[in-house]
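Undergrad: My questions all concern the structure below.
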Amino acid sequence: MSETANRTVLVTGATGYIGGRLVPKLLEAGYRVRCLARRPEKLSDRPWSDHPDLEIVAGDVLDQAELVEAMKGCDAAYYLVHSMIAAGREYAERDRALAVSFARASSGSELNRIVYLGGLGELGEDLSMHLRSRREVEEILGTSRVPLTTLRAAMIIGSGSASFETLRYLVERLPVMVTPRWVKTETQPIAVRNVLHYLVECLSVSETAGQTLDIGCEDVMTYQQLMQIMAEELGLRKRLIVPVPVLTPRLSSLWIGLVTPVSSQIARPLAEGLRNRTVCRNMRASELMPQRLLSAHEAISAALQNLGSAGIETNWSMAGEMPGDPEWSGGTVFLDERECVIDAPADQVFRTVCRIGGESGYWGGDFLWRLRGLMDQMVGGPGLRRGRRHPEDLHYGEAIDFWRVTGLEQGERLLLRAEMKLPGVAELEFRLEPIDSQQTRLIQTARFRPLGLFGIAYWYAVVPLHHFVFQYLLNGIRREAE
């Protein structure tokens, strides 16, 4: 039996970005995990929610009685709570109250360790309110009788991380950027998978107890350099970045809120924090808990590589989008979703759907489809000339005109990915839901993940045509199936 098998750890903040990734890693390592959440139902759709070694309890970190109860029988606790999206500057006051409550409750508990994920940044007059608040929380937790392990990180690179997503959206949407001077500030980012390794491993390394450890990859670079790496990984041209001294954190946060889906409330503390140099003082963490640290290039690549297809199968070791991530993570995806009820059994409807393209065409708007195919051929794409191998039979990986079959579940789902020349990634999905033996609901979804501003402009330019081509398509399938 492993030494972790009899150890129960408490995780606060399991509904958050890091907490949601940490829980399955702890379970995988053999720990019993107890999650404290104000709204336990928010964890019910996670893939690990029914794990036999997992317990989810309702409670508020501000309620010491509930905390004391949650800590009973636990060997260690993770403090992953913070209130960055609270209104105005109230997040610092709320974070202070939460930390005081946790420190007091833990002092009377059986805990042998508290683990806290804080922020890098040297103390000084210019330290942002956000980073100063994280440091204050660290100090308050340190007043508990329980040994505290603090891991300090700068930007965490992974889909869903607010700082990473802000960076990605800005680079994706703005070929020319007028930025604050902080783009010249040095930072030492770290991949989310490396953060998770440290968080799990520190429990079994006694030397980390009572220690404050800086964590980061081996690359020290400016935010401007990170932006250019992001552009390269997104397949975009090098960005023109013009730093100016007049842009304040407030103006920067308002601009971020306008250009990206990340709200200005979240962006404000991030923009303030980016003006501070966030570099590791030493690499002792990697000496105590060895692992292969991803470079900034590798980390960004890992965070982006699984985002090209909707409905990906999550891999806990990767940095891609995961269930529970913020809605704005993973990239902008435009949708055109339509559905209808068809008076035919599901197998009959599915056979009809699988006749799409080739000689069968698209059940209406044929002129528009032929025009789009001709335009694609003119820029070097396949157009409609490939047709299809068989008029009815389909297999995974086959070509249909300018589509490729990338998902095929007999009687239930067909997923096509466009191989035409596009400023982004396009998919067309058909999902079938049997209502009874003679009726089927067909859900048709067109998805487009734009690449840069041109991709966004392209989507809005063709939106007026969608009403015709996609509605004709849906109506045609219904007619033929019935």
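The values are calculated or read from the model by the stated rules, or taken from the named source; none is laboratory data. Bear in mind that the values here come from a model prediction, so they are computed numbers and not experimental data. With ideal geometry, Cβ positions are generated from the backbone for all residues, glycine too; neighbour counts draw on all protein chains shown.
Undergrad: Looking at region 326-355, which of its residues are in a loop (DSSP other than H, G, I, E, B), modelled with pLDDT of 90 or more and farther than 23 Å from Val405 by Cβ? Even if it seems obvious, please write down each step before you answer.
TA: Of region 326-355, the ones in a loop (DSSP other than H, G, I, E, B) are 326-333, 343-345, 354-355.
Now narrow it down to the ones that are modelled with pLDDT of 90 or more: 343-345, 354-355.
Asp343, the sole residue that qualifies.
Undergrad: Being buried (at least 16 other Cβ atoms within 10 Å of the Cβ) and closer than 20 Å to Trp459 by Cβ narrows it down to one of Leu415, Leu408, Leu371, Leu384, so name that one.
TA: On inspection, the qualifying residue turns out to be Leu415.
Undergrad: How many of the residues making up region 399-458 are touching a helix residue (DSSP H, G or I) at 6+ places or on another chain (Cβ under 7 Å), under 23 Å from Arg370 (Cβ atoms), of a type in the set (A, V, I, L, M, F, W, C) and part of a strand (DSSP E or B)?
TA: Count: 4.
Undergrad: Continuing with the same structure: For region 257-297, give me each residue that is modelled with pLDDT of 90 or more, buried (at least 18 other Cβ atoms within 10 Å of the Cβ) and part of a helix (DSSP H, G or I).
TA: Ala285, Ser286, Ala296, listed by residue number.
Undergrad: All but one of (1) under 29 Å from Pro345 (Cβ atoms); (2) surrounded by fewer than 17 Cβ atoms within 10 Å (Cβ to Cβ) hold for Ala457, so report the exception by its number.
TA: In the conditions (1) under 29 Å from Pro345 (Cβ atoms); (2) surrounded by fewer than 17 Cβ atoms within 10 Å (Cβ to Cβ), Ala457 misses (1) alone.
Undergrad: Could I ask something else about it? Out of the residues in region 104-129 that are among the aliphatic types (A, V, I, L, M) and surrounded by fewer than 22 Cβ atoms within 10 Å (Cβ to Cβ), which is modelled with the lowest pLDDT?
TA: So in region 104-129, the residues among the aliphatic types (A, V, I, L, M) come out as 105, 111, 114-115, 117, 120, 123, 127, 129.
Remaining after also requiring surrounded by fewer than 22 Cβ atoms within 10 Å (Cβ to Cβ): 111, 123, 127, 129.
Working: Leu111: 95, Leu123: 61, Leu127: 66, Met129: 72.
Here the answer is Leu123.
Undergrad: Anything in region 177-224 that is without any contact (Cβ under 8 Å) to a residue 40 or more places away in the chain and within 19 Å of Val242 (Cβ to Cβ)? List them, or say none.
TA: Passing the criteria: only Thr222.
Undergrad: Working only within region 158-170, note down all residues that are in a helix (DSSP H, G or I) and out of contact with any strand residue (DSSP E or B) (no Cβ under 8 Å at 6 or more places or on another chain).
TA: Matches in region 158-170: Ala162, Glu165, Thr166, Leu167, Arg168, Tyr169.
Undergrad: Looking at (1) at pLDDT 90 or above; (2) under 30 Å from Val425 (Cα atoms); (3) assigned to a strand (DSSP E or B), find the lone condition where Asp214 falls short.
TA: Of the numbered conditions (1) at pLDDT 90 or above; (2) under 30 Å from Val425 (Cα atoms); (3) assigned to a strand (DSSP E or B), the odd one out for Asp214 is (2).
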